[in-house]
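Written below as structure tokens is the structure these notes are about.
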Amino acid sequence: MLKKLTYLFGALALAFGLWGFYNRFAFGHENAAYGSYVVWGLWVAMYLFFAGCAAGGFMVATLDLLFQIKVFKGTGKAVLWAALVCLGAALLSIWLDLGHLERVWKVYLEGNPRSLVFQMVWGYTIFGVILLITLYLAIYKPQHPFLKVIMWIGLVVALFISGAVGALLGVNAARPFWHIGLFPVQFPVFSLASGAAMLLMVLGLFGPRDDPNRPQQLWVLSVASVVLLVVKLYFMWADYSQSLYGNVPMNVASINQVLYGRYWWAFWILQILIGSLIPIFFLVQPKFARHNGWAGWMGLLMLVGYAVARALIIFPGLTVPELDLLTTAFSGPHLSFDYFPSLMEWAVTAGTVGLAILGYLLGIDYLPLFPKSTKEA
Amino acid sequence: MNKTSAPSTEAAAMLEKYSSEVFAGIVAPALENLDLSALQVSPEASPDVILRMQEELKRALKKKPEERRWVMVIDLRRCIGCHACTIACVAENKLPPGVVYRPVLTEEIGKYPNVSMRFIPRPCMQCDNPPCTPVCPVNATFKNEEGVVVVDYDQCIGCRACITACPYAARTFDFGETYLKNTPDNLPFLFGQSAADGYERNGAAFEYGESIVREKDRSPIGNVRKCHFCLHRVKEGMLPACVTTCIGRATLFGDANDPDSLVSEMIALPNVMRLKEDLGTEPRVYYIL
């Protein structure tokens, strides 16, 4: 029943998304709410989120397929498929964000290796190939010795690409909210946290119900997810508190927008309450954490929190003017420091999410991702 | 000030010499009864700096491109905040809505009745150490041989990483907007949108020496755009549009490698500053305070 409802939800999201895709291709970026000041919006945030899930999913898959930790036995293929689907969603999001999406080949053939965008495009391409090979081997030739080799390589690449996302933002010396030396260290942790939450959701909501290992798997994953979430919150606390004490005006302005300004509701309600406190409350209690449904839904809430967290890294870094008086210097469309995604942007994101949901469900229906079972969610 | 019966033609000639022709035409009649001999002209305005800079430009163009060092000097004491430079830039480059190369930042200082205004024109700083160029994944933006940061529209993929890297917000993205968007078309006895937008689309600009037709999905739509010191004009011996149009002669342009140039004199003054020097970007735009 849940799977059918999820199919329906994915189909509806995709239907809404088709209008967004049409709008994007017919009118370009004209109907986007981002502009020349807030240059990156919802799609870039979703790219960071999905890319983090993809890298994190691969990291979590190594627990089963590389390190062969007993409690995670049988979970690797399902989360690898989720990682592949997320990678597709990430690349679709960022591709649609380009001004000239037909020129993406130039990054491969006429690229600038010094650019982090270049490094990430190549990194994600290599990562995608590794994911495909790993998934193929894990499903059809699980005893092949190359599986472990490719997983080691994939683990290093996953760390690199998730760290590179942090560096992409961190190298912007002009934006103190992003210019954090530890960003490339933090982002792999964020990715791992996303991967753990994603596996929790996948196992809890779509995994076979009669697996005797499942309650223990969910409990261990719940504890790991909570620990990673707390580490993520600690990183955020460290960044925010130091910035506020440091009192660099542009940095403080960005943080104030998150805590008390235009994005307060997203931070306090979506990221902290729904994405952090509620999952922590339930997942530290074994009776909920061992329960498929509770664990799965809490995994989903954590993912919502992580998606919002990505947006709250991107948006406030751009909504504070580099020069104070820019806000009134010249007026015109797309020259604003206020940002809330437009309907077209939401539609495209809904379509991307819908595609990811449908892709994942088709995978678990037609690929042998879980050990054989008689009873599914 | 003593009032005399100075003829308007004299006033116009005076203003034309020290200001732009358009401004002279507008303002001269209002000055008919003023004694213009009482006007004090600052030393750098005599002879007209425009003529001097044009001569210097011709001299610089005889050198090899890599031997020139184009710089812009903006004398904030002389800027009156008319925004003519912004508009001249928009007109010269036929910039669409939402794209701006040279806004003028306007700051109100003090409280009534002790209020004053400060104006800071902000072109691209043409940094010698630009943060925007290394982030480009396809080498679409770079410093050319004359040291001006340019954008290759046919190479740019529109990722906008350069915009996030610029500390001066000197880059804008062309979203494909037009001034005639949502205006009526096919009205009887009137030129409608499709007839009128030829101005916006055909031969829309001569940036980088190319005649660019503005069409959907074609560059420069979907590209990042920025001030380029009007290189297409400079190449032909003309000063950038913002310099020519500045009625207060606040914006100066020239080759800083020429020790006799006006800009060389100006950037040697003690009251010179550059924006956000602490970032190490080494801007080529200097402000006189």
**Selection within the stretch A:70-99 - over 16 Å from A:TYR360 (Cβ atoms) and among the aromatic types (Phe, Trp, Tyr)** = A:PHE72, A:TRP95
**Request:** Residue by residue through the stretch B:139-151, note down the ones that are surrounded by 24 or more Cβ atoms within 10 Å (Cβ to Cβ) and in contact with an Asp or Glu (Cβ under 7 Å, 6 or more places away or on another chain).
**Result:** B:ALA140
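Give the number of residues within the stretch B:227-266 that are among the acidic types (Asp, Glu) and crowded, with 18+ Cβ neighbours inside 10 Å.
2
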**Prompt:** Pick from A:ILE255, A:ILE280: which is part of a helix (DSSP H, G or I), over 19 Å from A:VAL189 (Cα atoms) and among the β-branched types (Val, Ile, Thr)?
**Reply:** A:ILE255
**Request:** Kindly indicate whether any position in the stretch B:106-114 is under 20 Å from the mean Cα position of the chain (by Cα) and in the same structural domain as B:VAL272 (by TED's automatic domain parsing).
**Result:** yes
**Asked** Considering A:SER276, A:SER336, which residue is small (Gly, Ala, Ser) and within 14 Å of chain B (Cβ to nearest Cβ)?
**Response** A:SER336
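Have a look at B:LYS226, B:LYS235, B:LYS216 and point out the one that is within 14 Å of chain A (Cβ to nearest Cβ) and farther than 23 Å from B:ILE120 by Cα.
B:LYS216
Among the residues of the stretch A:308-344, which ones are of a type in the set (Gly, Ala, Ser), within 24 Å of B:LEU95 (Cα to Cα) and not in a loop (DSSP other than H, G, I, E, B)?
Scanning the stretch A:308-344 gives a single hit, A:ALA329.
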**Request:** Among the residues of the stretch B:267-286, write down those that are under 21 Å from B:GLN54 (Cα atoms) and surrounded by 21 or more Cβ atoms within 10 Å (Cβ to Cβ).
**Result:** B:ARG284, B:VAL285, B:TYR286
**Asked** Is it the case that A:LEU18 is of a type in the set (A, V, I, L, M), more than 14 Å from chain B (Cβ to nearest Cβ), over 29 Å from A:MET151 (Cα atoms) and in contact (Cβ under 8 Å) with a residue 40 or more places away in the chain?
**Response** yes
**Residue satisfying condition, being acidic (Asp, Glu), more than 30 Å from A:GLY99 (Cβ to Cβ) and free of Cβ contacts under 8 Å to residues at least 40 places away in the same chain, within set B:ASP255, B:ASP278, B:ASP197, B:ASP185** = B:ASP278
**Asked** Which is touching an Asp or Glu at 6+ places or on another chain (Cβ under 6 Å) and of a type outside the set (Phe, Trp, Tyr), of A:LEU42, A:LEU65?
**Response** A:LEU42
**Request:** Kindly indicate the residue of the stretch B:115-132 that is surrounded by fewer than 18 Cβ atoms within 10 Å (Cβ to Cβ) and either within 14 Å of the chain's Cα centre (by Cα) or modelled with pLDDT of 95 or more (or both) and also nearest to the other protein chains (Cβ to nearest Cβ) among those meeting that condition.
**Result:** B:ASN129
**Item:** Odd one out for B:PRO96, checked against (1) modelled with pLDDT under 95; (2) within 25 Å of B:MET238 (Cβ to Cβ); (3) more than 10 Å from chain A (Cβ to nearest Cβ)
**Value:** (3)
**Asked** Pick from A:SER36, A:SER93: which is of a type in the set (Ser, Thr, Tyr) and in contact with a strand residue (DSSP E or B) (Cβ under 8 Å, 6 or more places away or on another chain)?
**Response** A:SER36
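The values are calculated or read from the model by the stated rules, or taken from the named source; none is laboratory data. Bear in mind the structure is a predicted one, so any value in this text is a computation, not a measurement. Every residue, glycine as well, gets a Cβ built from its backbone with ideal geometry; the counts of neighbours run over all protein chains shown.
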